[in-house]
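What follows draws every value from the coordinates through simple rules; no lab data is involved. What you see is a predicted model; the values in this text were computed from it and never measured. No Cβ is skipped: glycine too gets one built from the backbone with ideal geometry, and neighbour counts run over all protein chains shown.
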Amino acid sequence: MLPGKVLIHDLELHAYHGWHKHEGEFGQPYLIHLELETDLSRAAGTDHLTDALDYGDIVATTKDIFTTKRHKLVESAAVELARGLLARFAPVDAVFVRVMKLKPPIPERIAAAGVELRLTRTDLDA
């Protein structure tokens, strides 16, 4: 066993999450960071893509999950994303998700606001 992580950093997606009416109408950019915990031994040993988690597939799945359904809260969107990634990628034991809203609807100037969480397969059964 070779425990490791597959990383997707700074994936920018446009989605329609938010409590306010204009967020649902116009949407806004989000920055997503993922860490998928998995056993890397097979991929490292064979050096073949079919034995690894495909970055493109992870990104496409993330986009589909994150942009298809509208959530009022980023917390809800992040949990659904984590659950969806665990459901889609069987070799993943746990997933860390950080979702940052790049233009939060507040008057103060900040770079972003968001949430992060880690969900394991055990958490799904609880």
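Quick notes on this structure:
- Close pairs (8 angstrom Cβ cut-off, 6 or more residues apart or separate chains): without any contact (Cβ under 8 Å) to a residue 12 or more places away in the chain in the range 69-98, assigned to a helix (DSSP H, G or I) and among the charged types (D, E, K, R) anywhere: 69/80
- For the range 1-16, filtered to residues that are part of a strand (DSSP E or B) and of a type outside the set (A, V, I, L, M, F, W, C), the residue that is farthest from the chain's Cα centre (by Cα) is 3.
- The number of residues in the range 63-106 that are part of a helix (DSSP H, G or I), of a type in the set (A, V, I, L, M, F, W, C) and surrounded by 15 or more Cβ atoms within 10 Å (Cβ to Cβ) comes to 10.
- Selection count, the range 42-66, where residues are farther than 24 Å from residue 81 by Cβ and not acidic (Asp, Glu): 6
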